[in-house]
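*Asks:* Just dropping this structure here.
The values are calculated or read from the model by the stated rules, or taken from the named source; none is laboratory data. Everything quoted here is computed from the prediction, not taken from an experiment. Here the Cβ positions follow ideal geometry from the backbone for every residue, glycine too, while neighbour counts run over all protein chains shown. These area figures cover heavy atoms from the full protein model, side chains too; ligands, DNA and RNA do not enter into them. Shrake-Rupley method; radii C 1.70, N 1.55, O 1.52, S 1.80 Å.
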Amino acid sequence: MRMNSMEEKRTPIELEGEGTKPAKHKELHGKSPRRRREVKRPHQRSNGQESGSHQSFEQHEALEQRQSVTCDEMTENLPKKSDRCRRAHFLHGPYPTTHFGPKACILPNPTSVMHIQDPASQRLMWSKPPVNVLVIRKIRDEGLLEPFKELCRFLVKEKQLMVYVEKKVVDDGRLVTDATFCDIRKQLCTFREGFDDISNCIDLIICLGGDGTLLYASSLFQDSVPPVMAFHLGSLGFLTPFKFESYKSEVEKVFEGNAAIVLRSRLKVKVVKGLFQRSKQLSGPEENGTIPHQHLSPDAGKITLQLQVLNEVVVDRGPSSYLSNVDLYLDGRLITSVQGDGVIVSTPTGSTAYAAAAGASMIHPNVPAIMVTPICPHSLSFRPIVVPAGVELMIMLSSDARNTAWISFDGRKRQEIQHGDSIKITTSCYPVPSLCCHDLVYDWFDSLAQCLHWNIRKKQTQLTDTSNSSDTEN
């Protein structure tokens, strides 16, 4: 079936926060941001002297008084100190004060001001009713065939929506020979990954399977991602909070809007080819004492790959028996060299995946951070670290590395990294809006308990006679 017009079917979404005023945002749209007026000290002149002359004591007191009045006027509309410091239900914590003592404060910089919305108030709102729905089903799982057909019937027949599915899913022999599903199958829109661009015509994504289906959905959208509703029909299901038994009521709630949503940050990754490439893997001198020959790479300085990654970027030693030896840079400054099996750079969402198996801490997806976790480091003191989300990490092979390295992105597109190549990683501005079943805090802890059995142990029995306890023996 031919795809419908993307411009007519596209449905933008907005995150509705507490106290937001859409009308005001429309008025300000298109205008350049206002700069804060700097409080300039008036030049004092007395008896025809230049502004650089000494001021009298009375003039100095008058100037301080006028500055005090100006500061009072600037802080008049701010909430009281008790109100600012009161701990409300705000997941990013209270906004820190910018005044320290009677005369010290942080220098205002309008270009660096960033307003972060409270994650607890993030609610999904439709500006127009959704029309196009992408259904992603786990491949090679016969148990998902009936749920897939049931969901497609509901969306096409009852909700009168346009449903997009992968061509290889529709071409499944069991669907082709199913006479009861023939009418629905003919109304489905198909696409092929890497050939058809559906990024501008999808309003909602529904995943049937495990965590891999959500990762695959993220890879299909390298810019803005539609809301994702994931049903737990896979093996682990840490990122899939919805139960398929109540899919009709859950989908109805999402279409009505005002659903809780968590913004899962992604990593923007660039692979840049180096200027020179070595003709041999070994970087040290050969047996005759000569240095391996270097040749100019035809792709020197080019970005050969750019991806949005939801879980992690993994750099490992590949099939080589040598230790991986890579340099880690943060904002252009060398931080450390990683000698071991490799290194994992992950998002908070990926902290419960490969990084957790490598010994990293598990971080809530709303924490703005990037995690760096070594894989079997040949050092007893190399612990996983967490860096701010706004930094840029760069990974390169060390100059004395004995072998090349291999890189993968969410477990896909694995490729070899040569000497001189660089991998630049930072936080993307295109997160994955994942719909919550209850709320973003409860869903995460529920997944920790149900999927990873976090802190599960047999409870200690209560003592019946406390007189024999060690506290009372002495």
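*Asks:* Could you tell me the accessible area of ARG383 in Å² (1.4 Å probe, neighbours in place), rounded to the nearest ten?
*Replies:* 150 Å²
*Asks:* Here's another thing I want to ask about it. How large is the Kirkwood hydrodynamic radius of segment 322-388, counting all unique pairs of alpha carbons, in Å?
*Replies:* 12.2 Å
*Asks:* Right, something else. Projected area of segment 309-425, taken from the Cα convex hull and averaged over every viewing direction, in nm²?
*Replies:* Mean projected area for segment 309-425: 6.7 nm², to one decimal.
*Asks:* Long-range amide H contacts for ALA230: which residues qualify at under 5 Å (H placed 1.01 Å from N, peptide plane, sequence gap of 5 or more or a different chain)?
*Replies:* Residues meeting the criterion, in which the H sits 1.01 Å from N, are CYS207, PHE242, LEU435.
*Asks:* Tell me, what HN-Hα J-couplings in whole Hz come from the Karplus equation 6.51 cos²θ - 1.76 cosθ + 1.60 at θ = phi - 60° for each residue of segment 317-326, using x for Gly and Pro?
*Replies:* Karplus values, whole Hz, x for Gly and Pro: 7, x, x, 6, 8, 7, 5, 6, 10, 10.
*Asks:* Using amide H atoms built 1.01 Å from N in the peptide plane, name the residues 5+ places from ILE417, or on other chains, whose amide H lies under 5 Å from its own.
*Replies:* For ILE417, the qualifying residues are ALA405, TRP406, ILE407.
*Asks:* Treating the beta-carbon of each Lys and Arg as +1 and of each Asp and Glu as -1, no other charges, what is the dipole magnitude of segment 327-474 about its Cα centre, to the nearest 20 debye?
*Replies:* Computed about the Cα centre, the dipole is about 340 debye.
*Asks:* Taking only the alpha carbons of segment 125-242, what extent do you get along each of the three principal axes, in Å, biggest first?
*Replies:* 37, 33, 29
*Asks:* Points 7 angstrom from Cα along the Cβ direction at GLU392 and THR461: gap in nanometres?
*Replies:* 6.3 nm
*Asks:* Taking R0 as 22 Å, what FRET efficiency do you get between ARG123 and TYR442 from their Cβ-Cβ distance, rounded to the nearest 0.05?
*Replies:* That gives a FRET efficiency of 0.90.
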